[in-house]
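S.K.: First, the structure itself, so that you have it in front of you.
The values are calculated or read from the model by the stated rules, or taken from the named source; none is laboratory data. Small disclaimer: the values here were computed from a predicted structure and weren't measured. Methodologically, a virtual Cβ is constructed for each residue, glycine included, from the backbone with ideal geometry; neighbour enumeration extends over all protein chains shown.
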Amino acid sequence: SWNQGLQMLWATQLLDDEVNNGGFNQYFFNSSGQWAMEAIEGFRLIGAEERAELVKAAVDQFFADAPKLKQYYKDHTLESFSESYKHTDLGRLDKRWYAAPDFHLARTKYIRSHPDEFVIPPPDHLARQQ
């Protein structure tokens, strides 16, 4: 299991990449959405509360839209992905995401102040070779 720093870095970067590429609908359509709770925790960890609340709102909206989206997500084709945008209200949260305060500096500050969470020791067999 990952420590909270690595988990924060992975989950927040994955979410930001997906949402900036295709919105929250893409994030949940792809398997990336399984990390939503970790992303919320990660944004809170670095003090990006507005981002955490936006992700929470997206999770809530996703579950509200789930009955309408189920078939499109199940088909998991490019066509069903494109069609799914017509059946969700996640787009309104995309606009808020793009306008929200930047979190990258806060994340960088966290990483710099907790370097021990981001240095992964080598596996035992590599450590013995040194």
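S.K.: Could you say which residue among Gln71, Gln26, Gln61 is part of a helix (DSSP H, G or I), surrounded by 12 or more Cβ atoms within 10 Å (Cβ to Cβ), under 12 Å from the mean Cα position of the chain (by Cα) and not hydrophobic (A, V, I, L, M, F, W, C)? Spell out the reasoning first.
M.R.: Numbers: Gln71 fails: under 12 Å from the mean Cα position of the chain (by Cα); Gln61 fails: under 12 Å from the mean Cα position of the chain (by Cα).
Going through Gln71, Gln26, Gln61 in turn, the sole match is Gln26.
S.K.: Then there is this: Give me the pairs: first residue in the range 53-72 and modelled with pLDDT under 95, second residue assigned to a helix (DSSP H, G or I) and among the charged types (D, E, K, R), beta-carbon distance under 6 Å, and six or more apart or on different chains, which are they?
M.R.: Partner pairs satisfying both residue conditions: Tyr72/Glu83.
S.K.: Please state which of the following conditions Asp102 fails to meet, knowing it meets all the rest: (1) modelled with pLDDT of 95 or more; (2) more than 30 Å from Ile120 (Cα to Cα); (3) not hydroxyl-bearing (Ser, Thr, Tyr).
M.R.: Looking at each condition in turn, Asp102 falls short on (2).
S.K.: Right, next: Does Gly42 count as at pLDDT 95 or above and assigned to a helix (DSSP H, G or I)? First the steps, then the outcome.
M.R.: Values: at pLDDT 95 or above: yes; assigned to a helix (DSSP H, G or I): yes.
It is true that Gly42 is at pLDDT 95 or above and assigned to a helix (DSSP H, G or I).
S.K.: Output yes when any residue across the range 17-25 is at pLDDT 95 or above, touching a Lys or Arg at 6+ places or on another chain (Cβ under 8 Å), closer than 21 Å to Ala106 by Cα and of a type in the set (S, T, N, Q), and no when none is.
M.R.: Step one: of the range 17-25, the residues at pLDDT 95 or above are 17-25.
Right, trim to touching a Lys or Arg at 6+ places or on another chain (Cβ under 8 Å) and you get none.
For the range 17-25, residues at pLDDT 95 or above, touching a Lys or Arg at 6+ places or on another chain (Cβ under 8 Å), closer than 21 Å to Ala106 by Cα and of a type in the set (S, T, N, Q): absent.
S.K.: Additional query: Do we have Glu50 as within 10 Å of the chain's Cα centre (by Cα), acidic (Asp, Glu) and either buried (at least 22 other Cβ atoms within 10 Å of the Cβ) or part of a helix (DSSP H, G or I) (or both) here? Give the steps one after another, and end with the answer.
M.R.: On the way: within 10 Å of the chain's Cα centre (by Cα): no; acidic (Asp, Glu): yes; either buried (at least 22 other Cβ atoms within 10 Å of the Cβ) or part of a helix (DSSP H, G or I) (or both): yes.
In short, no.
S.K.: Then there's this: If you check Glu83 against the conditions, is it at pLDDT 95 or above and not aliphatic (A, V, I, L, M)?
M.R.: Numbers: at pLDDT 95 or above: no; not aliphatic (A, V, I, L, M): yes.
When the stated conditions are applied, Glu83 does not pass them.
S.K.: Can you tell me which residue is nearest to Glu117 (Cα to Cα) among those in the range 12-23 that are within 10 Å of the chain's Cα centre (by Cα) and surrounded by 16 or more Cβ atoms within 10 Å (Cβ to Cβ)?
M.R.: Step one: list which residues in the range 12-23 are within 10 Å of the chain's Cα centre (by Cα), which gives 12-19.
Among the residues that remain, those that are also surrounded by 16 or more Cβ atoms within 10 Å (Cβ to Cβ) are: 12, 14-16, 18-19.
Values: Thr12: 15, Leu14: 18, Leu15: 20, Asp16: 21, Glu18: 24, Val19: 26 Å.
Of everything passing the filter in the range 12-23, Thr12 is nearest to Glu117 (Cα to Cα).
S.K.: Moving on. Of everything in the range 77-100 that's part of a loop (DSSP other than H, G, I, E, B) and under 12 Å from Phe28 (Cβ atoms), which residue is nearest to the chain's Cα centre (by Cα)? Explain how you work it out, then say what you get.
M.R.: First, pick out the residues of the range 77-100 that are part of a loop (DSSP other than H, G, I, E, B): 77, 88-90, 100.
Now restrict to residues that are under 12 Å from Phe28 (Cβ atoms): 88, 90.
Working: Thr88: 18, Leu90: 14 Å.
Among them, the one singled out is Leu90.
S.K.: Identify, please: which residue in the range 101-122 is of a type in the set (D, E, K, R) and part of a helix (DSSP H, G or I) and is, among those, surrounded by the fewest Cβ atoms within 10 Å (Cβ to Cβ)?
M.R.: First pass over the range 101-122, keeping only residues of a type in the set (D, E, K, R): 102, 107, 109, 112, 116-117.
With the extra rule that they be part of a helix (DSSP H, G or I), the set shrinks to 107, 109, 112, 116-117.
Details: Arg107: 23, Lys109: 12, Arg112: 9, Asp116: 7, Glu117: 17.
Of everything passing the filter in the range 101-122, Asp116 is surrounded by the fewest Cβ atoms within 10 Å (Cβ to Cβ).
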